[in-house]
1. Identify, among Thr57, Leu4, Ala44, the residue whose Cα sits farthest towards the positive end of the charge dipole of segment 1-67, taking +1 on the Cβ of Lys and Arg and -1 on the Cβ of Asp and Glu, with the dipole about the Cα centre.
2. Using a 1.4 angstrom probe, figure out how much accessible area segment 503-633 has per residue, in square angstrom, rounded to the nearest whole.
3. State the extension gain, in nm to one decimal, for the chain segment bounded by Arg537 and Thr377, taking 0.36 nm per residue of separation less the distance between their alpha-carbons.
4. Over all Cα pairs of segment 388-493, how is the pair count split among 10 Å bins, expressed in % and running from 0 up to the last occupied bin?
5. Provide the solvent-accessible area of His199, counting protein heavy atoms only and rolling a 1.4 Å probe, rounded to the nearest 10 Å².
6. Quick one: accessible area per residue over segment 362-486, 1.4 Å probe, rounded to a whole number of Å²?
7. Rounded to the nearest whole Å², what accessible area per residue is found for segment 245-341 with the 1.4 Å probe?
8. Using the beta-carbon distance between Thr256 and Glu452 and R0 = 56 Å, what value does 1/(1 + (r/R0)^6) give for FRET efficiency, to the nearest 0.05?
Amino acid sequence: MKTLDVITIGRSSVDLYGAQIGGRLEDMGSFQKYIGGSPTNMAAGTARLGLKSGLITRVGDEHMGRFIREELAREGVDTQGVVTDPVRLTALVILGIRDEQQFPLIFYRENCADMALCEEDIAEDYIASTRAVIATGTHLSHARTEAAVIKALKLARKHGAQTALDIDYRPNLWGLAGHGDGESRFIESAGVTAKLQAHLHYFDLIVGTEEEFHIAGGSTNTIEALRAVRAVSKATLVCKRGAAGAAAFEGAIPDTLDQGQTGPGFPIEVFNVLGAGDGFMSGLTKGWLDGESWPNALKYANACGAFAVSRHGCTPAYPSLEELQFFLERGVKTPALRKDADLEQIHWSTNRRKTWPQVRAFAFDHRLQLEEVAGSTPEKMAAFKELCLDAVLQVSQGEPGYGLLCDNRLGKSALHRAAGQGLWIGRPVEWPASRPLTLEPELGPDFGGLSEWALENTVKVLCFCHPDDQPQMQAEQEATITRLFHACRRNRLEMLLEVIPSKVGPVDDLTTAKLISRFYDIGIYPDWWKLEPMQSREAWAATCEAITSRDAHTQGIVILGLGQSEAELSASFRLAAEFPLVKGFAVGRTIFAQPYADWIAGRIDDASTTATMAEGFRRLCGIWDAARKGAQP
């Protein structure tokens with residue numbers, strides 16, 4: 001039984017993309033970090049489209065190698081074939097977007113990890129588990145990696161898997177161009193042509209640009225080059241033609257490219273061509289392995305390529321299956337796809353770094369409530385928040401589904417220590433008790449402080465608001481939240497919006513639903529909602545409907561505690577647990593209020609404080625779990 005749809009083989013790198021557009025690489029001031037390398041991009045791109053994808057490559061035994069592994073896992077790519085090289089470093093690529101024609105890049109690949117791929121890295125049982133194997137041209141450029149690729153292709157044939165080649169011609173990686181000429185896409189070379197032609201018979205599908213077929217066929221006349229490839233291979237040939245789309249040839253090569261099988265292209269703005277071919281190959285592979293006609297497969301490919309050239313980065317630009325289907329049904333609304341608000345919302349919400357089936361969070365992001373306790377000092381409050389984190393870790397024991405809320409102003413050490421431990425982490429930005437909403441000074445007047453945040457931090461903002469707020473109050477608060485929302489997206493951070501209307505005015509079953517609908521109306525799509533306990537099923541039903549009708553891919557709702565007793569929270573949990581959109585809770589004072597008072601007064605020590613809070617948090621988790629279990633049919 002085949003457990004994978006496709007395995008890609010070859011390059012794996014970390015792409016450092018210049019964040020500034022329109023300048024030289026020399027002048028870049030900052031970079032965005034993504035996974036890269038054609039096979040790695042394709043593994044992630046096909047996984048986003050619903051295929052079960054795997055990758056065979058090597059990465060270094062260091063931070064960048066671990067980054068690639070973790071990102072692949074987040075994308076749903078099987079990493080059994082990713083070997084950690086004990087000696088070599090992970091490859092790096094530095095890239096920039098100068099204009100629509102110039103995309104400077106530098107390959108840092110001197111004796112890099114993926115070029116140490118060898119025959120021993122190709123496991124027969126792994127190749128036997130897949131329906132298809134895709135190789136790329138770069139790994140045919142050196143004897144060791146060539147031998148690994150050929151072994152994989154022979155095993156694929158032995159076990160009935162289809163095979164494909166993305167020619168992926170980079171003269172620089174064949175030793176034909178200097179380090180400063182990484183942008184070069186074509187240099188004639190009889191040696192490269194001979195090497196490629198010696199292996200083309202292994203493939204059922206061969207894909208390349210016109211220039212890539214020029215090198216594979218040994219002619220700068222595209223039709224002649226395609227015929228030369230056909231002379232040594234029976235594969236379906238797919239020739240990419242940029243804005244003109246692509247053409248597929250199953251048999252004899254006709255006199256013009258227009259006589260091939262084609263799929264519709266898409267009139268979009270070119271922003272960044274880097275990685276577009278890998279996006280194209282991802283869409284093509286989806287159609288190919290799903291048994292679609294070549295025109296349909298090319299439609300998928302052209303659409304995925306359109307996404308890639310419209311966005312920053314390679315893998316981050318590729319669509320999810322939901323996004324692709326939406327785009328194909330609706331069509332192009334604006335040529336600059338990255339400026340299409342509806343499309344970008346689907347892209348963001350269906351390609352998140354992580355989804356959380358449940359979140360049981362200990363909220364100790366409180367500032368004002370601690371500051372008001374006699375004897376509190378910034379140092380003592382920081383130390384106490386470390387104890388709160390210890391309590392979370394005692395309860396979570398490395399298991400998923402646990403989290404915390406912690407601030408940076410008083411809880412910096414706990415916040416930073418929580419990173420990388422598998423916890424959901426929410427971090428507040430509102431100035432405590434402010435109305436109209438004011439944010440913590442650390443964000444700065446332009447919210448530029450978010451650029452310093454860890455990507456695993458969720459931006460939590462509490463707004464005291466009500467549907468009946470006066471127009472001036474409503475406008476001022478909504479303007480702040482709107483700016484914050486866009487700053488979160490710009491910095492690739494999830495956002496949690498907490499609303500507490502009961503502190504502002506009377507509430508009924510529709511109050512919260514009306515508030516939520518208003519935020520969607522003005523273009524605010526929080527990843528999370530944090531809501532006060534509802535008093536009726538009707539209120540929860542209206543609230544959940546207000547969210548799901550506008551955002552089918554929201555992460556969900558967590559319930560806040562408002563300092564309620566465990567008995568009160570238990571009743572709230574039982575009611576909320578009936579609604580799957582409610583993922584858990586974020587409760588604080590119920591757990592820490594009394595232990596903090598005792599600790600600050602010196603009545604209990606650190607260990608007892610931690611143990612008491614851990615037990616309280618554990619009981620609440622048990623109450624929630626029981627409520628959820630009891631709500632299941």
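1. It is Leu4.
2. 43 Å²
3. Numbers: separation 160, 0.36 × 160 = 57.60 nm, distance 4.27 nm.
Extra length available between Arg537 and Thr377 comes to 53.3 nm.
4. Calculated P(r), rounded to whole percents: 14, 42, 29, 14, 2.
5. Taking all protein chains as shown, His199 has close to 20 Å².
6. Values: 5160 Å² over 125 residues.
Value returned for segment 362-486: 41 Å² of accessible area per residue.
7. Result: 35 Å² per residue.
8. Details: r = 55 Å, r/R0 = 0.99.
The pair Thr256/Glu452 has a calculated efficiency of 0.50.
The values are calculated or read from the model by the stated rules, or taken from the named source; none is laboratory data. These numbers come from a predicted model, not from an experiment. Note that each Cβ is placed from the backbone with ideal geometry, even for glycine, and that neighbours are counted across all protein chains shown. Accessible surface is based on the protein model in full, side chains and every heavy atom, while ligands, DNA and RNA are left aside. Shrake-Rupley method; radii C 1.70, N 1.55, O 1.52, S 1.80 Å.
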